[in-house]
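Please read the structure below before turning to the comments.
The values are calculated or read from the model by the stated rules, or taken from the named source; none is laboratory data. Not measured: the values here are computed from a predicted model. Cβ coordinates were reconstructed from backbone atoms using ideal geometry, including for glycine residues, and neighbour counts include every protein chain displayed. Surface areas here come from the heavy atoms of the whole protein model, side chains and all, with no ligands, DNA or RNA. Shrake-Rupley method; radii C 1.70, N 1.55, O 1.52, S 1.80 Å.
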Amino acid sequence: GGKAPRHERHEEAEALGHGGMDGLPAEEQEVMDAVVKVYTTHTEPNFSLPWQRKRQFASTSSGFTISGRRILTNAHSVDYHTQVKVKRRGSDTKYVATVLAIGTECDIALLAVPDEEFWEGHRVIAFGGLPMLQDDVTVVGYPIGGDTISVTSGVVSRIEVTQYSHGSSELLGIQIDAAINSGNSGGPAFDSSGNCVGIAFQSLKHEDAENIGYVIPTTVIDHFISDYELNGAYTGFPSLGIEWQKMENADLRASLGMRPGQKGVLVRRLEPCCPCSDVLRPSDIILAFDDIQVSNDGTVPFRSGERISFSYLVSQKYVGDTAKLKVLQGGKLKTLRVELIRPHRLVPAHIGGRPPSYFIFAGLIFTPVVVPYLKSEYGKEYDYDSPVKLLDKMMHQMAVTKEQQVVVLSQVLAAEANLGYEEIVNTEVLAVNGVPVSNIYELATQVHACKGKYLKLDLEYKQTLVLDFKKARAATAAILLSHCVPSQMSEDVRERLGVDAV
């Protein structure tokens, strides 16, 4: 769905639900009782000042009870939560809920309510399969514009691989023409027989589009739940770790030795830290994935008469699974087996609810670049307004090792020790005392290990920053104190460094 605030992407209400439930059959009335209202207090980190949190804010959303005394809602509904409460329909009591798992990529969260009283006479929602196009769907939830439960109805407009804006991932999504407004998030979408066919999670806000809502289908929900049950935690959706190109041009196919009947996609780049880089090579041609033929435009057959991006097949598998690829490598047909792992981005889209990492020395604040940091620094239009070097790393560069980060000198807390460097902001740190650093931990280690008189930092754009090491180290504590910074480094950096302070 379109860009919108992080906590609830569905911006403002454009239509309200049709209040009454009188038109629904008795069993659907019962289904309503499984829908709960979720009250969350969020405390997000301030990525620009990583030692502190932003002011807390409250949000409401929807959820529903499933088997095993659990509740499903959206991940963005409980993101950076400090407290989650749920209320059943027709009840006046809010019960405290615990968060069992958050799947940021698929925007689903699993909650539990310890209080027995909440579960008395509760209903369980049954899941249906994938709906067909034009099937009726009813979205139930607690959107803005009123306090009681709301029902909106529509039909399935299309089913395809959709951009999930919360986890910036691409998974199967159902597009419906029912209004999904702020607060509807996490509510179930039912088919005409009262089975849940998905979870409402985002809507498209665009001047040319009206009433476009998106629902997470049961295939994605099943993947999330079985992943949690299998591993005791959410491990995510795997990726092949390749960038590919369509092969719709006949000359391109012929030049790479493909026969007239063959179809496939061209491998452009491989992620160095993915297992696929051991078996595949750039300019290989993927002809089939798990014995399903991949077309020249990267699609595979889906249901009757439909086609879908082959990334759908990848996202159906679990982290650690093996995929069978039929590949044309140097003109020879090969069958390869590749392990699928979680995608590893050089600039991650999120940090999974952890506090941000940072390290401060002599008023210089170092932090790894993550997308929320860019949003915090450059606002909603961060993908246009961020420095071009950082955007290039976010969009195109691949991590060579799993530990690799883009570490920037975020800002300089002005003091005598760093005189003349106050204007440096968001510039990548390449080396400390001539030793290249590939993450925040290596940077902190190198600063800590400085033996000479000067500490020299090599920054992007060939900038050099030199400090008198002893003076700078002595000034650090006073600078932290005057800026009310409680700690020189984040907890994870302290653990890796194994020291208290430099």
(request) Please get the size of the charge dipole for the stretch 48-204, origin at its Cα centre, with Cβ charges of +1 on Lys and Arg and -1 on Asp and Glu, quoted in debye to the nearest 20. (result) 540 debye
(request) Rank-order 154-160, 270-276 by packing density, defined as the average count of other C-beta atoms within 10 Å over each peptide's residues, highest first. (result) 270-276, 154-160
(request) For N46 and Q29, calculate 0.36 nm times their separation in residues minus their Cα-Cα distance, and state this gained length in nm to one decimal. (result) 1.8 nm
(message) Using Cα-Cα distances under 8 Å and only pairs 6 or more residues apart, what relative contact order does the chain have, in percent?
(response) 11 percent
(request) Could you calculate the contour length gain from M395 to V96, that is, 0.36 nm times the residue separation minus the distance between their Cα atoms, to one decimal place in nm? (result) 103.6 nm
(message) Given a 1.4 angstrom probe, what's the average accessible area per residue across the chain, in square angstrom?
(response) 45 Å²
(request) Round to a whole angstrom and tell me the spacing of the C-alpha centers of the stretch 421-436 and the stretch 338-382. (result) 17 Å
(request) Kindly state, as a whole number, the per residue volume in cubic angstrom of the convex hull around the alpha carbon atoms of the chain. (result) 173 Å³
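To the nearest 500 deg cm²/dmol, what mean residue ellipticity at 222 nm is calculated for the chain from DSSP H runs of n ≥ 4 alone, each contributing -39,500 (n - 2.57), summed and divided by the residues?
Details: 11 runs with 86 residues, N = 502.
Calculated mean residue ellipticity at 222 nm is -4500 deg cm²/dmol.
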(message) As an exercise, use a Förster radius of 30 Å and the Cβ-Cβ distance of E306 and R89 to find the FRET efficiency, rounded to the nearest 0.05.
(response) 0.25
(request) Run down the lysines and flag those whose C-alpha is under 27 Å from the C-alpha of K37, throwing out any fewer than 8 positions away in its chain. (result) K3, K54, K85, K87, K94, K205
(request) Return the distance in nm (one decimal) between the two label points of a simple spin-label model at S192 and Q463, each offset 7 Å from Cα along Cα→Cβ. (result) 6.4 nm
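Students often check this: by mean Cβ neighbours within 10 Å, which of 417-426, 285-294 ranks highest, and how do the rest follow?
285-294, 417-426
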(message) Suppose a student asked you for the relative contact order of the stretch 345-502, using Cα pairs under 8 Å spaced at least 6 residues apart; what percent would you report?
(response) 25 percent
(message) Please report the spacing between the Cα centers of the stretch 152-206 and the stretch 247-320 in Å, no decimals.
(response) 28 Å
(message) Cut-off 17 Å, label point 7 angstrom out along Cα-to-Cβ of R281: give me the residues of the stretch 330-346 whose amide nitrogen falls inside.
(response) 330-337
(request) Report, to the nearest whole %, how much of the accessible area of the chain belongs to carbon and sulfur atoms, 1.4 Å probe, protein only. (result) 49 percent
(message) Cβ neighbours within 10 Å, averaged per peptide: list 47-60, 163-176 in order, most packed at the top.
(response) 163-176, 47-60
(request) Please give the helix 218-231 orientation as an angle from the longest Cα principal axis of the chain, in degrees from 0 to 90, rounded to the nearest 10. (result) 60 degrees
